[in-house]
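Since the structure comes first, as structure tokens, the remarks are kept for the end.
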Amino acid sequence: MELLIANASDKPIYAQIASQIQDAILSGELTEGEALPSIRSLANDLHISVITTKRAYAELEDAGFIDTVQGKGSFVAGGNRELLREGRLKRVEELLAQAISEAAVADISARELHEMVDALMEDD
């Protein structure tokens with residue numbers, strides 16, 4: 001898993017980290033029970049404060065995406081399939097909203113957009 005920090009972003013660094021880890025979990029890149037880098041290790045790799053990585057992990061834990069075991073580290077949470085499904089649904093909705101906006105700019109009708117989605121779904 002590679003995390004990218006955008007200094008020019010208006011989103012705080014801890015939120016960028018949490019969002020990217022959450023996306024990796026929702027996409028299946030990180031799987032249930034998989035260990036995350038230690039807070040110190042991640043801070044060193046990204047050249048940021050330990051406090052920042054600790055806050056990102058705390059947000060992920062509060063949202064139910066990771067579990068932290070004192071002395072052992074942080075791991076992708078398991079057993080919460082409904083939470084993961086809701087997260088995936090939210091992500092798909094965001095992407096569809098973006099696609100709809102792009103379609104409007106390109107003057108693509110709703111019917112054409114539906115046909116595109118149907119064709120893409122048939123390919124899978």
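If the only charges are +1 at each Lys and Arg Cβ and -1 at each Asp and Glu Cβ, what is the size of the charge dipole of the chain around the Cα centre, to the nearest 20 debye? Numbers along the way, then the final one.
Details: 11 positive and 23 negative charges, 170 e Å.
The dipole of the chain has a size of about 820 debye.
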Tabulate in residue order the Karplus-calculated ³J(HN,Hα) for segment 48-61, using 6.51 cos²θ - 1.76 cosθ + 1.60 with θ = phi - 60°, rounded to whole Hz; enter x for Gly and Pro. 10, 6, 4, 4, 5, 5, 4, 5, 4, 5, 4, 4, 5, 5
Within the accessible area of the chain (1.4 Å probe), percent carbon and sulfur: 52
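Work out which GluC sites (Glu not before Pro) in the chain are exposed loop sites (DSSP not H, G, I, E or B, at most 15 other Cβ within 10 Å) and give the longest gap free of them.
Working: sites that count: Glu2, Glu29, Glu32, Glu34.
Answer from the scan: 35-124.
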Counting only residues 5 or more apart in sequence or on a different chain, those whose built amide H sits under 5 Å from that of Ile66 are Glu61, Ala77
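Under the rule a/c < 1.5 gives rounded, and otherwise a/b versus b/c splits prolate from oblate, where does segment 1-116 land using the Cα gyration tensor?
Working: a/c = 3.22, a/b = 1.74, b/c = 1.85.
Oblate.
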With a probe of 1.4 Å, find how much accessible area the chain has per residue, and write the answer as a whole number in Å². 71
Of Ala18, Ala106, Ala63, the most mobile residue in a GNM of the chain (C-alpha springs, cutoff 10 Å) is Ala106
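The values are calculated or read from the model by the stated rules, or taken from the named source; none is laboratory data. What you see is a predicted model; the values in this text were computed from it and never measured. We place every Cβ from the backbone using ideal geometry, glycine too, and count neighbours over all the protein chains shown. Surface accessibility is based on the protein's heavy atoms, side chains included, excluding ligands, DNA and RNA. Shrake-Rupley method; radii C 1.70, N 1.55, O 1.52, S 1.80 Å.
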